[in-house]
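Notes follow once the structure below has been shown.
What follows draws every value from the coordinates through simple rules; no lab data is involved. The structure displayed is predicted, hence computed values, not measured ones. All Cβ positions, glycine included, derive from the backbone under ideal geometry; neighbour counts span all protein chains shown.
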Amino acid sequence: MSVPQKKLYPYLEELFKKKSSTRESALRTLVKEFETNVHYEFAENNFVTLVHRCQNCLKRGSALEIDLALHLIGLVVLTLGAGDNAHEVYDELLVLVPQLLIKSKLSQAVKVFDCLSIVTFISARDFVDTESSMEIIWQFLNQESKHPSTVAAAAISGWILLLSGIDRWSISPKKWKGLIPYLLKLLEDGDEHVNVASIEALALIFEIGNLEKFSNQVGDYASMKDMKDGIMDQVKRVCNDTKQEASKVLEDDYDKTTTLSLGGTRLTFSTWSQLKQMSYIRRFLGNGFTNHMMENEHLHNIFHFAPTTKCRNDLELYKPEFEQVVFRVFVPEVRRENCSKRIHKSHSSLLSKGRTKLRNKYRSLAEETKSGHIADEELD
C-alpha cells in the first residue's frame, strides 16, 4: 500500500540524522516507496533535497547506506523521466562515480554501475552524455586488477544498456576497438555471470553491425561476414556444453521475439536492444515493475506502451458513484393519499419499473467487468 505523499517528508529529514541506522531505515522506506509506486509529484518537488541527501549518505554512510542511496537515486530519475531535473542528477553523479569506484568496496561497484547506467539511460541528452558514462565503465573493466565476476558482469551489463540506446552511426569508430577481443577473452574464463553478460554484448553488437568499431582485428578478415563467422567460431571453441546452448543467441536464425502482457495490453519485442532495455529496467524495479509500467508515463514513452483498462468489445465501463430513479407525477390534493400506495409500492408502477431497470443495469455492468478482466502475465 502506498504511503501518502505528505507522510514521505519525515523520511527526508531523517536522511540528515547523525545516527546511521536512522538514515538506513529512512532510505529503505523511500526505496520501497519509489520502487513500488510512481511518486512523480513528490520527486518533482523534492528531487534536489532527495539527491543531495543521498549524496551525503554516499560520502559518509555505511556500506548499506551507499547501496540504498544509489538505488534511490536511480529510482528518482526513473520517476522524473528525461528532462533538466534528471540531467542535473546525471551531471552530479558523473563526478561522484569515479570517486565511489576508488573508495568503495568492490561489492558496492554493482550498485554503482546499476545507478550510473539507469541515470544515464534516462537522462542523457545525446550520445556524448551516454559515451561519457560508457567510458567510465570501460576504464574500470580495463584495469590491470581482476574484478570479481559479479562486478565484471554488472559493468558489462550496464555498458550494454547504454549501447542499446545509441544510434549505430553515432558510435565512436575508435573508442571501443578492443571490446570484442576483451569479451572473447572473458568467455575463456568460464564464469557463468560473465559468460551471460559477454554473450549478450556480442549479440547486441551483431545486431548493430559495424563490427569494425568494436574490434582491432578487422584486417585479419576478408569481409565483415568472415569476421562475424570467425567470432562465432571462437565463441564455439571456448564454450562447453552449457555455454554452447547460450551461444545460440548469436546465430542469425535465433528467434528472440518476446511478448509481455500488462493489463491486457501485449508488448512484443523483437530486437536485442529492446529486450536489454526491458530486462534491465525490470530487474532494477523488482516487484514494482508492473506498477511503473502501468503508471509511469516516461516508461510508456520509452517502450511505446499505452496501457488500457478497456473491457470486452473495446468498451470502457464506468460505474457512477450514485444513481437513483426519480419521476414526477401531478396528483390533485384530493387523490394524493389514495394514490400514494399505488405509486410507491405497486410492482407495476413507474417507480418500481425504474428501480428494476437500474438493478439490471448494475448487474450487467458487473458481468461485463468480470468477463473483461485480464490478469497481468509474466514474460513468455
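Quote to one decimal, in nm, the extra length available between A82 and V218 on full extension: 0.36 nm per residue of separation minus the C-alpha distance between them.
So the extension gain works out to 45.2 nm.
Ordered by packing density, taken as the mean number of other Cβ atoms within 10 Å over each peptide's residues, highest first, how do 132-140, 195-203, 255-263, 112-120 rank?
So the order, starting with the most tightly packed, is 112-120, 195-203, 132-140, 255-263.
So if each residue of separation counts as 0.36 nm, and I subtract the Cα-Cα distance between K105 and T258, what length gain in nm does that give?
Stretched fully, the K105-T258 segment lengthens by 51.4 nm.
Given region 1-124 reduced to its alpha-carbon atoms as identical point scatterers, what log10 I(q)/I(0) does the Debye formula return at q = 0.16, 0.23 Å⁻¹?
Log10 I(q)/I(0), no solvent term: -0.70, -1.45.
Using 7 Å Cα-to-Cβ label points, what is the S132/T49 separation (nm, one decimal)?
Those two pseudo-labels are separated by 2.8 nm.
Identify the residues of region 173-203 with backbone N under 13 Å of a label point that sits 7 angstrom from the Cα of T271 along the Cα-to-Cβ direction, or state none.
none
Cα centroid distance between region 78-95 and region 1-56, in Å?
Going from one Cα centre to the other spans 17 Å.
Take the Cβ-Cβ distance between K248 and K32 as r, set R0 to 25 Å, and report the resulting FRET efficiency rounded to the nearest 0.05.
0.05
What does the extension gain come out to for R60 and H300, with contour length at 0.36 nm per residue minus their alpha carbon separation?
Numbers: separation 240, 0.36 × 240 = 86.40 nm, distance 3.65 nm.
Using 0.36 nm per residue and subtracting the Cα-Cα distance, I get 82.8 nm.
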